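Student: Take a look at this one; I'll ask things after.
Values in this text are rule-based calculations from the coordinates and carry no lab data. The structure presented is a predicted model; accordingly, all values stated were derived computationally and were not measured. With ideal geometry, Cβ positions are generated from the backbone for all residues, glycine too; neighbour counts draw on all protein chains shown.
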Amino acid sequence: MKTTEQHLKGQVALVTGASGGIGQAIAMQMAAAGARVVINYHSNDKGAQKTLSQIEKAGGSGLIIKADVAKEGEVTGMYAEIATKYKTIDILVNNAGIQQDNSIAAMTLAEWQAVINTNLTGSFLCAREAVKMFQKQGVAPRRSKSAGKIIFISSVHNVIPWAGHANYTASKGGETMLMKTLAQELAPQKIRVNSIAPGAIKTDINKKVWSDPKQNEQLLEMIPYGRMGEPEDIANLAVWLASDQADYITGTTIYADGGMTLYASFMHGG
Ligand code: NAP
């Protein structure tokens, strides 16, 4: 954690799915920027503990809360715990997400629902509870110019179709309209809502691809910038988007994808 500017000083950030991958990096960078961080996770106790101990080692502070974002009671319970410890939050990062891939003819209802429930319904539930807190606190100028910020960790697959991943693309496409609608509805209340759409970021979610040399090579052909992203590439952007430096930005998606959405196959023909 090398952030010297404390852009988020005095603020509280909830990061869902912060026991590994992108969420863990976001939690650490938010803490380095001065925020107290609520580390939500689902099953990886050790990962969540690692996030907190790294934050504390760097002089930050946080709170671990285990909750399945797809379950309403667990989400409201998490927010009740936050209210007790920190009173409110200033930033929600809706990062928790899963894939359960299958061809459409073979996809079970359980696979469809698991992905929609975690990625889309989970984001709705966490956003709804965050908005209630933002509305209650209003703008606290000493903390931030806005009453609250929500960042969805979307995907390039909110615009790029992906064969064999209908549940995942539907969840990310749906999340985009959820983000835009909330941004429109909440802008008059000085609540900012945006998405970050990562390309291929090296985490557990795609380990099968990057740990196989042939699949890794095929993947790199889709990235004009010539490398996979690292979780920190997304975390740095999330901190900036949550800060007052981005105060005029709401309702948009920022792609952090090394050019994956530039139709790389057109580099050599077309
Ligand atoms: P990851 O390493 O597999 O981490 C996923 C995180 O989500 C874990 O902390 C996991 O917690 C948590 N999670 C899963 N289900 C949950 C639930 N029901 N309730 C609460 N937390 C839950 O994946 P990642 O690559 O960091 O992905 C993070 C986000 O980025 C996802 O939304 C993903 O769609 C998006 N994204 C990733 C990439 C990429 O290339 N990596 C690209 C585009 C978008 P536990 O492990 O504790 O269960």
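Student: Can you find a residue in region 112-119 that is closer than 19 Å to Ala13 by Cβ, among the aromatic types (Phe, Trp, Tyr) and touching a residue at least 40 places away in the same chain (Cβ under 8 Å)? Break it down stepwise before answering.
Tutor: As a first pass, look at region 112-119 and keep what is closer than 19 Å to Ala13 by Cβ: none.
Looking through region 112-119, none of the residues is closer than 19 Å to Ala13 by Cβ, among the aromatic types (Phe, Trp, Tyr) and touching a residue at least 40 places away in the same chain (Cβ under 8 Å).
Student: Name the residue that is surrounded by the fewest Cβ atoms within 10 Å (Cβ to Cβ), counting only residues in region 146-167 that are more than 10 Å from the ligand (Cβ to nearest atom) and assigned to a helix (DSSP H, G or I).
Tutor: Selected residue: Ala166.
Student: Just to be sure I understand, how many residues within region 167-199 are in contact with a Phe, Trp or Tyr (Cβ under 6 Å, 6 or more places away or on another chain) and within 15 Å of Leu241 (Cβ to Cβ)?
Tutor: Qualifying residue count for the region: 4.
Student: Right, here's the next one. In region 82-124, which residues are hydrophobic (A, V, I, L, M, F, W, C) and under 14 Å from the mean Cα position of the chain (by Cα)? Full working, then the answer.
Tutor: Residues of region 82-124 hydrophobic (A, V, I, L, M, F, W, C): 82-83, 89, 91-93, 96, 98, 104-107, 109-110, 112, 114-116, 120, 124.
The answer is Ile91, Leu92, Val93, Ala96, Ile98, Leu120, Phe124.
Student: Still on this structure: Need at least 1 residues that are in contact (Cβ under 8 Å) with a residue 12 or more places away in the chain and within 30 Å of Pro141 (Cα to Cα) per element, so show me which helices (runs of 4 or more DSSP H) inside region 185-270 make the cut, counting only ones lying wholly within it.
Tutor: 231-242
Student: So, of the residues in region 168-201 that are surrounded by 19 or more Cβ atoms within 10 Å (Cβ to Cβ) and basic (Lys, Arg), which turns out to be farthest from the ligand (Cβ to nearest atom)?
Tutor: The extreme case among them is Arg192.
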